[in-house]
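Reviewing the structure listed below.
Derivation of every value follows stated rules applied to the coordinates shown; laboratory data play no part. Worth saying up front: this structure is predicted, and the values here are computed from it rather than measured. Glycine gets a Cβ as well: all are built from the backbone with ideal geometry, and neighbour counts include every protein chain shown.
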Amino acid sequence: MKIRIINGPNLNLLGTREPAIYGELTLKEINGRISKKAKELDVEVDFFQSNHEGEIIESIHDVTGIDGYVINPAGYGHTSIAMLDAVKGAGIPSVEAHLSNIHSRESFRSHTMTSSAMIGVITGFGYFSYILALEAIVNHLRTIKKEK
């Protein structure tokens, strides 16, 4: 089983960008923790990050060998109908993850356009949101496989 972890804009600045909100870990450090959990779950992960909406959409469209996505759309989650349509069009089960609790921040952050295409949304647990999202998507995919 292969899960793609997709990160949106400004997440390449983790560790230095507003650490009181997003934590002190860098994206590389978070990816290392995700990789460790993936090994425990006996799944493969690959990572993608871009500050460019079109590149993120292309990554979502590239479904070859991908069983599920964990997506942190970052700011694009609040504005991007194109990302919503890409997730719907890809037809791959996806979980949305956010480092901060988007519901306790500015009102415009409390809703994401992309969330309606996801099987679930995990928010507010810092880097552990990714771990929970990975566990959730793997559990979902394994449950589907058992039901077939």
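Kirkwood hydrodynamic radius for the range 27-118: how many Å is it when counted over pairs of different Cα atoms?
On the way: mean 1/r = 0.0712 Å⁻¹.
Roughly 14.0 Å, rounded to one decimal.
Which peptide among 132-140, 21-29 comes first, and what is the full order, when sorted by highest mean count of other Cβ atoms within 10 Å? Write down the numbers at each step before the final one.
Values: 132-140: 20.3, 21-29: 15.1.
Highest mean packing first, the order is 132-140, 21-29.
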I'd like to compare 68-75, 12-19: which one has the highest average count of other Cβ atoms within 10 Å, and what's the full order after that? 68-75, 12-19
Amide H contacts under 5 Å for ALA97, restricted to residues at least 5 apart in sequence or on another chain and with H modeled in the peptide plane, are ILE71, ASN72, ILE122
